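The values are calculated or read from the model by the stated rules, or taken from the named source; none is laboratory data. Everything numeric here is computed off the predicted structure, so don't read it as measured data. Every residue, glycine among them, receives a Cβ derived from its backbone with ideal geometry; neighbour counts consider all protein chains shown.
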Amino acid sequence: MSPVAALSVATAGGPLEPAGIELRPLRDDDIRIDVKFAGICHSDIHTVREEWGEAHFPLVPGHEIAGVVAEVGAAVTRHKVGDRVGVGCLVDSCGTCEFCKDGQEQFCSTGSVGTYNSKGYDGEWTQGGYAQQHVVSERFAVKIPEGLELDEAAPLLCAGITTWEPLKRWGAGPGSKVAVVGLGGLGHMAVKLAVAMGAEVTVLSRSAAKRDDALGLGAVTYVATADEDALGKLKGSFDIIINTVSADLAMDDYLAILRPLGVLVNVGLPSEPYSVRPGSVVGGSRVLAGSNIGGIPATQEMLDFCAEHGVGATIETVDAKDVNAAYDRVVDGDVRYRVVIDTATIPAV
Ligand code: NAP
Ligand code: ZN
């Protein structure tokens, strides 16, 4: 096979540059996907800038992958050539431990394999979806239902499942009051999903800039947290808070706006520790929780729900040449609300 056109980072913090990558020959259970769109997740940026620790270079990021099956291995049964499929943050797991059997491959006891910057069971480093093709075991590709466009579906593979999981786990639905902190890629999906589940949604964003958008997404209340005493006025208001902020957050102030027994779920992953006063969780018996992506069955369930409820990501599509500028715009909180790379624009080298 000739090399596949991809966007690759050579060293920590370096730019994404066109590169040709070799994908493994198809195994019996593999499919080859013609990648059409790849979303830019803030985790891609944390990783290539080594904000979470050392990464392995050269590195092709991308774990929000949407495309069409181009070829299938001899033993593949789940997908066929021409199917629309997606790949998220996981590409392998042991398949036999209690968590894998339960469809929670992200907690695999042997160790799940991430879509990029992860060492596979074959000892090779994985490469992600900013590329024109991707090879993956059929077990880790999900079906993108009719009714969802591939570009708007791509971000569902990470931003969608990551916010779906805690909303489901903690019972978002009719009668529950959900606050979403940070209106970025994950945040805007949390709003759309919680609204579609029937919850009453409030958006907490730093400034007033995203107010109209948030109300357009179905939130009933919008609070600019930079306003004086904005949080003080909300004390004891919410059943569930989904914190999607990629930076530090004043945990005590946000725990205080939960109702007794309420839960604050952190999905944002800043590199520095949070500070929490014990009394902030003990008072009101509040829960401070986290949530890490989601397994393959839940990802399929989320995609089917999205197709049924007409929920796709709100996207800005960029060409390969604009991806480095897009990274800076993500960090500035300037994107409305997920950047998706049109992989056809990645030049061959
Ligand atoms: P994003 O699009 O950049 O959104 C993050 C939002 O946080 C921004 O839009 C902004 O919202 C707010 N924010 C950013 N910097 C801030 C600051 N300094 N202070 C206060 N608020 C700030 O990022 P994303 O792709 O949604 O990812 C969000 C976080 O989740 C990242 O840390 C990412 O690594 C993590 N993540 C976790 C999982 C998981 O499994 N748990 C999965 C994917 C991603 P406003 O402008 O509205 O204030
Ligand atoms: Zn992600």
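Kindly establish whether Val203 is touching a helix residue (DSSP H, G or I) at 6+ places or on another chain (Cβ under 9 Å) and within 24 Å of Trp164 (Cα to Cα).
Numbers: touching a helix residue (DSSP H, G or I) at 6+ places or on another chain (Cβ under 9 Å): yes; within 24 Å of Trp164 (Cα to Cα): yes.
Taking the combined requirement at face value, the residue satisfies it.
With respect to Gly120, is the statement that it is among the small types (Gly, Ala, Ser) and either surrounded by fewer than 20 Cβ atoms within 10 Å (Cβ to Cβ) or touching a Pro at 6+ places or on another chain (Cβ under 8 Å) (or both) true? Full working, then the answer.
Values: among the small types (Gly, Ala, Ser): yes; either surrounded by fewer than 20 Cβ atoms within 10 Å (Cβ to Cβ) or touching a Pro at 6+ places or on another chain (Cβ under 8 Å) (or both): yes.
When the stated conditions are applied, Gly120 passes them.
Given the options Ile45, Ile33, name the one that is at pLDDT 95 or above and out of contact with any Phe, Trp or Tyr (no Cβ under 9 Å at 6 or more places or on another chain). Outline the logic, then answer.
Working: Ile45 fails: out of contact with any Phe, Trp or Tyr (no Cβ under 9 Å at 6 or more places or on another chain).
Result: Ile33 is the single residue among Ile45, Ile33 that is at pLDDT 95 or above and out of contact with any Phe, Trp or Tyr (no Cβ under 9 Å at 6 or more places or on another chain).
Taken over the range 73-93, the criterion of being part of a loop (DSSP other than H, G, I, E, B) and among the charged types (D, E, K, R) is satisfied by Arg78, Lys80, Asp83.
Any idea which of Ile144, Ile161 is crowded, with 22+ Cβ neighbours inside 10 Å, within 13 Å of ligand 2 (Cβ to nearest atom) and farther than 22 Å from Val4 by Cα? I'd like the intermediate steps shown before the answer.
On the way: Ile144 fails: within 13 Å of ligand 2 (Cβ to nearest atom).
Matching residue, one of Ile144, Ile161: Ile161.
Yes or no: Val91 away from ligand 2 (no atom under 16 Å from the Cβ) and assigned by TED's automatic domain parsing to the domain that holds Asp30? Break it down into steps so the answer makes sense when it comes.
On the way: away from ligand 2 (no atom under 16 Å from the Cβ): no; assigned by TED's automatic domain parsing to the domain that holds Asp30: yes.
So Val91 does not fit the description; no.
Of all the listed residues (Gly218, Gly175), the sole one being closer than 18 Å to Ala307 by Cα and away from ligand 2 (no atom under 16 Å from the Cβ) is Gly218.
Annotation: of all residues in the range 164-185 being touching a Lys or Arg at 6+ places or on another chain (Cβ under 9 Å) and at negative phi, the one that is farthest from ligand 1 (Cβ to nearest atom) is Lys177. Looking for something more than 16 Å from ligand 2 (Cβ to nearest atom) and of a type in the set (Asp, Glu) - is there at least one such residue anywhere in the range 55-67? No, because not a single residue in the range 55-67 is more than 16 Å from ligand 2 (Cβ to nearest atom) and of a type in the set (Asp, Glu). Criterion first (more than 23 Å from Cys100 (Cβ to Cβ), within 15 Å of ligand 1 (Cβ to nearest atom) and touching a residue at least 40 places away in the same chain (Cβ under 8 Å)) does Val330 satisfy it? Yes; evaluated as a whole, the condition is true for this residue. When Ser207 is tested against (1) closer than 30 Å to Glu51 by Cβ; (2) modelled with pLDDT under 95, only condition (2) is not met.
Sort out which residues of the range 231-249 are assigned to a loop (DSSP other than H, G, I, E, B) and touching a residue at least 24 places away in the same chain (Cβ under 8 Å), and write them in order of number. Steps first, answer last, please.
First, pick out the residues of the range 231-249 that are assigned to a loop (DSSP other than H, G, I, E, B): 231, 235-237, 244-249.
The answer is Leu231, Gly236, Ser237, Thr244, Val245, Ser246, Asp248, Leu249.
Note on the range 112-159: among residues that are more than 15 Å from the chain's Cα centre (by Cα) and of a type in the set (S, T, N, Q), the one that is nearest to Thr77 (Cα to Cα) is Ser137. Annotation: of all residues in the range 309-341 being charged (D, E, K, R) and over 13 Å from Ala153 (Cα atoms), the one that is nearest to the chain's Cα centre (by Cα) is Arg336. Being of a type outside the set (Lys, Arg), closer than 24 Å to Asp102 by Cβ and not in a strand (DSSP E or B), is that true of even one residue in the range 253-266? No, the conditions are met nowhere in the range 253-266.
Listed by first and then second residue, the pairs linking a residue in the range 110-132 that is without any contact (Cβ under 8 Å) to a residue 24 or more places away in the chain to a residue that is in a loop (DSSP other than H, G, I, E, B), with Cβ atoms under 6 Å apart and 6 or more places separating them unless they lie on different chains, are Thr110/Cys94; Ser112/Ser93; Val113/Gly120.
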